[in-house]
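Trainee: Please see the structure below; I have some questions.
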Amino acid sequence: MKTKPIFLVMSAPSGCGKSTLIDLLLQEYPDLVYSISCTTREPRGEEEDGLDYHFLTVARFRELLAEDAFIEHAEVHGNYYGTLKKPIEEVLAEGNSMILDIDVAGAAKVRHYVMHHLPVTDPLRQGYVDVFINPPSMEELRARLEGRGTDAPDVIERRLANAEGEMARAGEYMYQVVNDDLNLAYKRLCDIIDVKSGRL
């Protein structure tokens, strides 16, 4: 079946299960390609260039900035991060779809770029879909973050404070999915993809 390529942008507070949902989508949809961001920070642990991030020098990042190569970029804790336009354009041109995992601030930049700088006929604009993943409640989110056992109490409090700020902007997204049950949340995401890509 001929499907319409989509450019799917997903955001969620830390601990909402977004990475798990994205992994499931990538297994289900062979035409869905994960967008790999660029950064000037050093690789951590097992991270690999071209798999986790494109690790760039500051000079190269600035060259790409000057070429207007990014759909969005930001400086975080002294390091640059950005999403390149060309790989997204190439994936959609091949008839495949791209999924971008990004925070609320980054998603707002992408949305503004797509809606205000691209013509209506541009494939990125035609295929644009954004989804915000909500936790069932702040109490449940706190329980999940504490249950992971990976963060110190002060880090958890900071994540929860960030989550409140992010959830306050969930209305900026085309769709919101509550991850109260992983299977149900996944089904809701699949329904969105199937409708937007013309599978349904």
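The values are calculated or read from the model by the stated rules, or taken from the named source; none is laboratory data. The shown structure was predicted, so the numbers you read here are calculated from the model rather than taken from an experiment. Reconstructed Cβ throughout: ideal geometry from the backbone, glycine too, with neighbour counts over all protein chains shown. Quick note on the areas: whole protein, heavy atoms, side chains included, nothing else; ligands and nucleic acids left out. Shrake-Rupley method; radii C 1.70, N 1.55, O 1.52, S 1.80 Å.
Trainee: Could you list, in sequence order, the residues of region 116-164 that are of a type in the set (Lys, Arg) and at pLDDT 95 or above? Give the derivation first.
Mentor: Kept after step one, since they are of a type in the set (Lys, Arg), are these residues of region 116-164: 125, 142, 144, 148, 158-159.
Within region 116-164, just Arg125 meets the criteria.
Trainee: Would you be able to say whether some residue in region 68-75 is open to solvent by 40 Å² or more (accessible area, probe 1.4 Å) and touching a residue at least 40 places away in the same chain (Cβ under 8 Å)? Before the answer, list the steps.
Mentor: First pass over region 68-75, keeping only residues open to solvent by 40 Å² or more (accessible area, probe 1.4 Å): 68, 73, 75.
Those still in the list that are touching a residue at least 40 places away in the same chain (Cβ under 8 Å) too: none.
Looking through region 68-75, none of the residues is open to solvent by 40 Å² or more (accessible area, probe 1.4 Å) and touching a residue at least 40 places away in the same chain (Cβ under 8 Å).
Trainee: Within region 10-39, can you find the residues that are in contact with a Ser or Thr (Cβ under 9 Å, 6 or more places away or on another chain) and in a strand (DSSP E or B)?
Mentor: Leu32, Val33, Cys38
Trainee: Does at least one position in region 146-161 carry a residue that is over 19 Å from Thr20 (Cα atoms), exposed (fewer than 14 other Cβ atoms within 10 Å of the Cβ) and in contact with a Leu (Cβ under 9 Å, 6 or more places away or on another chain)?
Mentor: yes
Trainee: If a residue must be farther than 27 Å from Leu24 by Cβ and either out of contact with any His (no Cβ under 9 Å at 6 or more places or on another chain) or open to solvent by 40 Å² or more (accessible area, probe 1.4 Å) (or both), how many such residues does region 34-54 contain?
Mentor: Within region 34-54, residues that are farther than 27 Å from Leu24 by Cβ and either out of contact with any His (no Cβ under 9 Å at 6 or more places or on another chain) or open to solvent by 40 Å² or more (accessible area, probe 1.4 Å) (or both) number 2.
Trainee: Pairs needed: first member in region 21-48, touching a residue at least 40 places away in the same chain (Cβ under 8 Å); second member anywhere, open to solvent by 70 Å² or more (accessible area, probe 1.4 Å); C-beta distance under 7 Å; at least 6 residues apart or different chains.
Mentor: Listed pairs, sorted by first residue: Leu26/Tyr34; Thr40/Thr57.
Trainee: To continue, here is another question. Out of (1) within 24 Å of Leu25 (Cβ to Cβ); (2) without any contact (Cβ under 8 Å) to a residue 12 or more places away in the chain, the odd one out for Pro153 is which?
Mentor: (1)
Trainee: With Gly106, Gly82, Gly127, Gly95 as the choices, which residue is farther than 16 Å from Leu8 by Cα, open to solvent by less than 30 Å² (accessible area, probe 1.4 Å) and not hydrophobic (A, V, I, L, M, F, W, C)?
Mentor: None of the others qualify; the one that does is Gly82.
Trainee: For the structure I just gave you, tell me whether Arg60 is of a type in the set (D, E, K, R), modelled with pLDDT of 95 or more and open to solvent by 90 Å² or more (accessible area, probe 1.4 Å).
Mentor: In short, yes.
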